[in-house]
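Report on one structure; see the data block that follows.
The values are calculated or read from the model by the stated rules, or taken from the named source; none is laboratory data. Treat the numbers as computed from the prediction; the structure is a model and nothing was measured. Positions of Cβ are backbone-derived with ideal geometry, glycine not excepted, and every protein chain shown enters the neighbour counts.
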Amino acid sequence: MSLGGSGVGAEREKFEALPCAVQPIDDRGRMVEKLLGGRYEVLGFLGRGGFASVYQVRSASLQRFEALKVLHESHGEDSEFAQRFRQEARVAASLEHPSIVKVYDFGHVEGTLWYSMQFVDGPTLSGELATRGTFDEETAARIAVPLLDALDYSHTRGVVHRDIKPDNVLLDKRGRPFLMDFGIAKTGESLVKTQTGFILGSPAYLSPEQLRGQPLDGRTDVYSLGVTLYQMLAGVIPYRTENMSALARRLTEDAPPLSGRREGIHPELERIVHRSLERDRNARYANAAEMRDDLEAFLTEVHPRTTRVRAVSSESPAPPPRPEPAPRPEPAPRPAWLWPATFALVLAVLAGGWLLTRAPAPRPAPAPVATPAPAPVPTPIPTVKATALPAPTHLPRLPREAPARAPALAKTAPPPDATRRAKTPPDVAEEATISLTPAQERECGGKVVGISLVVGEDGSLRRRRVISPVSSACDAIALEAVTRNRYKAARDEKGRPVEGRFLLSIRF
């Protein structure tokens, strides 16, 4: 059994990590710019691998920064490398997830194969590890969660990456991870077959079933991501890889305890990492979604996000002053004759009262003859008519009106039967229209917010959360929009509707 010592796997190990800074253009880059006839302006060199080079370019038609991957001249259009290059472009282009590098276009000119993709301005995870050494628990877990979400998305579409490692994860300036390099991905329609006796992938991150040459599923990516998370926390990989004997240890020995290599590691995080590294894949997480959910529960319990109050800079323009209340008008002067007239009126009232007390009292009327009292008739309750009352001096404080809430989501239903897993994911049946103001267009235009959704078996939206934020304003608009969408439920193997999760990208 070979680890690719003379095959594709060995070539891939030589790929240089993408640097943060763009390097000067080489001769190959200048030649590619001429071949493409001004379609792209080549701005700089990003990195070189065993069978391709990557350049930063600007699209002439869209004026957008992109990355251009170009197959080396030594590999012809009919070579295995060219086949893998085409497969990488095709597979990546079929996946639309906010944590997967997007492929825009593909082509070949005079025997040169190329494809353009999303430019992520930042280092690889391996480059960041070389600088930091290790990550703190919260940062490591928050990087792993969207990667697991991306893997769950690709696995449900029949794509197994097979080469998860820090070199294949890019981090943008905000620390958001992006998965790339699907050159050896396994799909149901893969046209490229692995030669007998060859194992593709990076030795340090290979799962036991990869080493045994067994059929692979999504659990092999879960294992490789577990190795990556172990390395982010401990600063080293769990197993040595200098020879076949060292590699074979993972077939018979468990990974060394993470707590032995990093003091103070939280027991729950250590449990999650070691479950992903189980040698028996049946004891491992059944899928990437389960590991993601455990990491999210850990973050919620141990490292919850706190609301950050944004301080106002002293250089910020001051709010406009409130208008001063209008002065009350001075009361008009009372006429001079008012007081004597009032005094005369009071005297007249007093005199009238004195005359009434001096008048003789009227004779009393004769008593009426007693007659039997009629039976009492129930008096109907009168209708009280509201009348205006004088305002009291001190009004009681009324409760403030509650702010308007966003449309309520459907109540969470009990978890579905574990045996009824979604075979086909949910989807959008009817998409809501998003209208932006000019200010919102300036802030959100051209940006993408990634949202994780859970759709119930009745097509109702159960849960929603932002996994790829842009800004608080853009995120809120995207969340409101997905609430107004209509959805189709996921289906199990028998075609019955079940609760399911899927990812949605809101492009402004």
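Here L251 meets each of (1) modelled with pLDDT under 95; (2) of a type outside the set (F, W, Y); (3) part of a helix (DSSP H, G or I); (4) buried (at least 18 other Cβ atoms within 10 Å of the Cβ) with one exception, condition (4).
Scanning the stretch 78-102 for residues that are without any contact (Cβ under 8 Å) to a residue 24 or more places away in the chain and more than 20 Å from the chain's Cα centre (by Cα) turns up D78, S79, R90, A93. Of the residues screened, A130 is not one that is of a type in the set (G, A, S) and buried (at least 20 other Cβ atoms within 10 Å of the Cβ). The set of residues from the stretch 487-508 being surrounded by fewer than 16 Cβ atoms within 10 Å (Cβ to Cβ) and closer than 13 Å to E457 by Cα comprises G495, R496.
Can you confirm whether the stretch 112-119 contains a residue that is exposed (fewer than 15 other Cβ atoms within 10 Å of the Cβ) and more than 25 Å from L148 (Cα to Cα)? The answer is no, given that none of the residues of the stretch 112-119 is exposed (fewer than 15 other Cβ atoms within 10 Å of the Cβ) and more than 25 Å from L148 (Cα to Cα). Every condition in (1) part of a helix (DSSP H, G or I); (2) modelled with pLDDT of 95 or more; (3) farther than 21 Å from L299 by Cβ is met by T228 except one, and the failing one is (3).
If you go through the stretch 254-286 and keep only what is part of a helix (DSSP H, G or I) and over 27 Å from the mean Cα position of the chain (by Cα), you end up with L258, S259, G260. Here the stretch 430-472 is the region considered, the condition is being among the small types (G, A, S) and either in a loop (DSSP other than H, G, I, E, B) or not assigned by TED's automatic domain parsing to the domain that holds E499 (or both), and the residue that is surrounded by the most Cβ atoms within 10 Å (Cβ to Cβ) is G456. Filter the stretch 243-291 for residues that are polar (S, T, N, Q) and either in contact (Cβ under 8 Å) with a residue 60 or more places away in the chain or in contact with an Asp or Glu (Cβ under 6 Å, 6 or more places away or on another chain) (or both); which is nearest to S202 (Cα to Cα)? In this case the residue turns out to be N287.
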